[in-house]
Amino acid sequence: MHRIARALQAVALLCLCVAAHADDVLAANARIDELIVTGMRAKRLAELPRSANVITAEDIALSPSTNIVDLIAREANVQLRSTVGNDKFSGVDIRGQGDTYTSNVLVLVDGIRLNSEDQAGPDYSSLPLEQVERIEVIRGANSVRYGNGAVGGVINIITRRAGGDATGVNANARLRAGSYGTSDAGLGVSWSSDRWSFIGDVVFYDTDGYRDNSQLQKKDLAARVGFDPVDWFGVSLGGILHRDEFGFPGPVSKTEYEGSDADREAASTPYANGSTDDDRLRFDLTAGNLATGEFLLSMQTRDRKNPYRLGPVGPDAPYDIILEDREAVDAKYEKDFEFFGHQHAFALGFDLANTDYSRESGNPTTEPKQGQIRQQAWFTAADLHLRDDLIFSAGYRQDSFVSKGHQKEVGEVCTGFEPFLQCTPIFETRDSWRNNVAEAGLVYTPTDSSNWYVSFSQSFRNPNVDDLVVADDDLRPQSANHWDAGLRQLWGRAVEFSFSAFYSETKHEILYGIDPLNPTKQLNRNADQPTKRKGAETDVRWYTTDTLSFNANAGYMNARFAETNTYVPMVPKWTAALGVEWEFASDWVVIAQGNYVGSRFDGNDFSNKASDKVAAYYLVDMKVSYQLDFMQIYAGIDNLLNEVYSASVYSENFYPMPDRNYYVGITYRMGSN
């Protein structure tokens, strides 16, 4: 923390030097005015009764990050989790979910969930950063709109689209090369007319990785065609094809982690590897206008095949195979209406989803694990303007969840009489739950540059197919209540400031750990005590001059089990980030970004006494860009200080992250826009 304090002091002194020139600087892209599409309906960030950030297209283009996970992990109270160092086995934890972040942080692509139905979580590597237009990070519960798993937060990744006000053909070509034998090439094209639009993108990526057996090769193809014959009706059809091959180097011991570079780079599982085929298809229909209301229908399919082998296997070891087929339909109707001289909004929606999942073992003596999940829900919400400066939001969801395929003993049937009684166990292969959640919030906007909010929301998370396979007999959904309060402020249109505080209490949290009745066995079970999370986050952006701006954020997180008062493992109490963007010459921009992650308890240390705490780390990344209307040339350094760090640790087995590395790249744009 001392390094952070010194860095903040240096930034403060520099800001004072240029503050005299900043009085009239206009933050034309003020985040408080950004439109948020995540949730019940599109609304200004200033109207949202919860903590949120928007990562814009300009942020993405200038950022030192080369993948989505690293980009999102720079936000307040968002923590990087990774076991390899690339985006294949990486994710982000929002507001201290700990090791269950893969099931408690919901990731969407254009409003459709990317999370799988097992514990693997969302596969960020299936969506290249070059295909992303913007990212919305909404902290806290959002279960009324999105249901299962929207607990710690929701990340909505919004992809690029053709069309808009401009027409014609546009294209871009991209090439990047870097350390560890990394190469990344892409080609995109878009076309639009008055009624038709098309966008397509192809990406090839290859890296040897920082460690032995951490290679990743992937190919992505995305395309979407849209047709809008009239102003009030439109349809679109799009698809994403993803193919990858990967290695998994495994952990190293504490001695190896603290040893030489060669010790950290060595693979403990040199033959662990796999591949992924992930195909997604989506159809969207919109109909209506402001007078009639707007109806939105989305139909999606996903087909995922994932052969893999993990652990200390040999070169001829067989592969396990995960197969997942998902079909979903989402429908929503939105209507704005006037009542008592104020504009209000109403939304009503339905969600249906069916998933067939199986995990087939390469060992012929092991029974395959199969599961079927059927979900259906309806939800409603409204935004009511009680006054010109006061908005009341409320919503409700009823969700039905049915899981089939695993077996558990629920009783027995006996025949005969003592002492010749014969009993046969009864097995049940079906679990069903119904979850009801509600939310309410107030946003008070006394001036155009300030607003305050307070909200209450509920969330739930159903057991996924992996949870149910190795679980307590009475495993059931977890539920939580969340309270949020915060403010957003513009000062002189040159400084943006936000602050939020939160508290949540989770009952029956689903955890993987030691069976209290059998210490030699680990399984998924509901925690026998509530989990309480409280904390705060703040974000500051200072546009000091037309060519110089600063950003900083900090997060405080206190996640504990209520009765034992022990901390949730792998959750740091403090995180922080500090960045500067400087246009030091015409068309030349340099960005420096620092991130701090505080110390954490080992991922298996629920007592907080079994292992040493995992050390804090501080990263600095830099990028220099030369930008013209038709071209961007850039070079960057990640982990400038060559910090030794690990984002995941279990029983003092560490997963080392990449050392200092470099990259250069060029993007060339052609077309009518």
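Being over 16 Å from Arg160 (Cα atoms) and surrounded by 15 or more Cβ atoms within 10 Å (Cβ to Cβ): is that true of Phe246 here? Please lay out each step first, then the result.
Values: over 16 Å from Arg160 (Cα atoms): yes; surrounded by 15 or more Cβ atoms within 10 Å (Cβ to Cβ): yes.
When the stated conditions are applied, Phe246 passes them.
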Counting residues that are at pLDDT 95 or above, open to solvent by 60 Å² or more (accessible area, probe 1.4 Å) and of a type in the set (Phe, Trp, Tyr), which strands (runs of 3 or more DSSP E) fully inside the stretch 435-519 reach at least 1? 450-461, 478-491, 495-507
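Check Asn273, Asn213 and return the single one that is modelled with pLDDT of 95 or more, on the phi > 0 side of the Ramachandran plot and surrounded by 15 or more Cβ atoms within 10 Å (Cβ to Cβ). Full working, then the answer.
Details: Asn273 fails: on the phi > 0 side of the Ramachandran plot.
From the options Asn273, Asn213, the qualifying one is Asn213.
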Anything in the stretch 603-625 that is part of a strand (DSSP E or B) and either modelled with pLDDT under 95 or within 20 Å of Met570 (Cβ to Cβ) (or both)? List them, or say none. Val614, Tyr617, Tyr618, Leu619
Can you say whether Thr538 is open to solvent by less than 20 Å² (accessible area, probe 1.4 Å), of a type in the set (Val, Ile, Thr) and at pLDDT 95 or above, as far as the supplied structure shows? no
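Report, by residue number, each residue of the stretch 537-551 that is closer than 23 Å to Val92 by Cα and either part of a loop (DSSP other than H, G, I, E, B) or touching a Gly at 6+ places or on another chain (Cβ under 7 Å) (or both).
Narrowing the stretch 537-551 to residues closer than 23 Å to Val92 by Cα: 537-541, 551.
Scanning the stretch 537-551 gives Glu537, Asn551.
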Residue tally, condition more than 26 Å from the chain's Cα centre (by Cα) and free of Cβ contacts under 8 Å to residues at least 24 places away in the same chain, over the stretch 169-205: 1
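How many of the residues in the stretch 471-497 are under 27 Å from the mean Cα position of the chain (by Cα) and under 15 Å from Asp33 (Cα atoms)? I'd like the intermediate steps shown before the answer.
Within the stretch 471-497, the subset under 27 Å from the mean Cα position of the chain (by Cα) is 471, 475-489, 496-497.
Cutting the leftovers down to under 15 Å from Asp33 (Cα atoms) gives us 487-489, 496-497.
Looking only at that region, the number is 5.
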Go through (1) open to solvent by less than 40 Å² (accessible area, probe 1.4 Å); (2) within 30 Å of Asp336 (Cα to Cα); (3) modelled with pLDDT under 95; (4) not acidic (Asp, Glu) for Ala291 and report which single condition fails. (1)
Quick one: count up the residues across the stretch 652-673 that are within 25 Å of Asp99 (Cα to Cα), touching a Ser or Thr at 6+ places or on another chain (Cβ under 7 Å) and not hydrophobic (A, V, I, L, M, F, W, C). 4
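Kindly indicate which of Asp612, Asp602 is open to solvent by less than 50 Å² (accessible area, probe 1.4 Å) and over 16 Å from Leu578 (Cβ atoms). Give the derivation first.
Details: Asp612 fails: open to solvent by less than 50 Å² (accessible area, probe 1.4 Å).
Among Asp612, Asp602, only Asp602 is open to solvent by less than 50 Å² (accessible area, probe 1.4 Å) and over 16 Å from Leu578 (Cβ atoms).
Mind telling me which of the residues Arg397, Arg359, Arg374 ends up being under 30 Å from Asp472 (Cβ atoms), at pLDDT 95 or above and of a type in the set (D, E, K, R)?
Arg397
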Taking the stated definitions as given, is Val203 open to solvent by less than 20 Å² (accessible area, probe 1.4 Å), assigned to a strand (DSSP E or B) and under 23 Å from Asn86 (Cβ atoms)? yes
Here are the criteria: (1) surrounded by 13 or more Cβ atoms within 10 Å (Cβ to Cβ); (2) at pLDDT below 95; (3) touching a strand residue (DSSP E or B) at 6+ places or on another chain (Cβ under 7 Å). Tell me which single one Leu421 does not satisfy. (1)
Which listed residue, of Ala345, Ala317, is at pLDDT below 95 and buried (at least 19 other Cβ atoms within 10 Å of the Cβ): Ala345
What pairs can you find where one residue is in the stretch 370-397 and free of Cβ contacts under 8 Å to residues at least 40 places away in the same chain and over 14 Å from Gly147 (Cα atoms), the other is of a type in the set (Phe, Trp, Tyr) and open to solvent by 40 Å² or more (accessible area, probe 1.4 Å), and their Cβ atoms are less than 9 Å apart, with a gap of 6+ or different chains? Ala382/Phe346; Ala382/Phe392
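One residue is enough: does the stretch 230-251 have a residue meeting the conditions under 26 Å from Leu297 (Cα atoms) and free of Cβ contacts under 8 Å to residues at least 12 places away in the same chain?
Of the residues in the stretch 230-251, the ones under 26 Å from Leu297 (Cα atoms) are 230-242.
Of the ones still in play, those that are also free of Cβ contacts under 8 Å to residues at least 12 places away in the same chain are 230.
Checking the stretch 230-251: at least one residue is under 26 Å from Leu297 (Cα atoms) and free of Cβ contacts under 8 Å to residues at least 12 places away in the same chain.
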When Tyr205 is evaluated against the numbered criteria (1) of a type in the set (Phe, Trp, Tyr); (2) under 25 Å from Asp659 (Cβ atoms); (3) out of contact with any Lys or Arg (no Cβ under 8 Å at 6 or more places or on another chain), which criterion, by number, is the only one it fails? (3)
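Kindly provide the set of residues from the stretch 362-383 that are of a type in the set (Lys, Arg) and surrounded by fewer than 20 Cβ atoms within 10 Å (Cβ to Cβ), ordered by number.
Our first condition is that a residue be of a type in the set (Lys, Arg); within the stretch 362-383, this holds for 369, 374.
The one that is of a type in the set (Lys, Arg) and surrounded by fewer than 20 Cβ atoms within 10 Å (Cβ to Cβ): Arg374.
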Residues that are surrounded by fewer than 18 Cβ atoms within 10 Å (Cβ to Cβ) and hydroxyl-bearing (Ser, Thr, Tyr): does the stretch 276-283 have at least one? no
Note down all Cβ pairs under 7 Å where the first residue falls in the stretch 340-363 and is in contact (Cβ under 8 Å) with a residue 40 or more places away in the chain, the second is part of a loop (DSSP other than H, G, I, E, B) and open to solvent by less than 10 Å² (accessible area, probe 1.4 Å), and they're at least six residues apart or on different chains. Asp351/Gly147; Tyr357/Asp118
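Report whether or not Thr167 is more than 24 Å from Gly636 (Cβ to Cβ) and touching a strand residue (DSSP E or B) at 6+ places or on another chain (Cβ under 9 Å). Show your work before the answer.
Working: more than 24 Å from Gly636 (Cβ to Cβ): yes; touching a strand residue (DSSP E or B) at 6+ places or on another chain (Cβ under 9 Å): yes.
Considered against the rule, which asks whether it is more than 24 Å from Gly636 (Cβ to Cβ) and touching a strand residue (DSSP E or B) at 6+ places or on another chain (Cβ under 9 Å), Thr167 comes out as yes.
The values are calculated or read from the model by the stated rules, or taken from the named source; none is laboratory data. Given the structure is predicted, the values throughout are model-derived calculations rather than measurements. Quick reminder, even Gly has a Cβ in these numbers, built from the backbone with ideal geometry, and neighbours come from all protein chains shown. Each accessible area value is taken on the protein alone, full model and side chains, heavy atoms only, with ligands, DNA and RNA left out. Shrake-Rupley method; radii C 1.70, N 1.55, O 1.52, S 1.80 Å.
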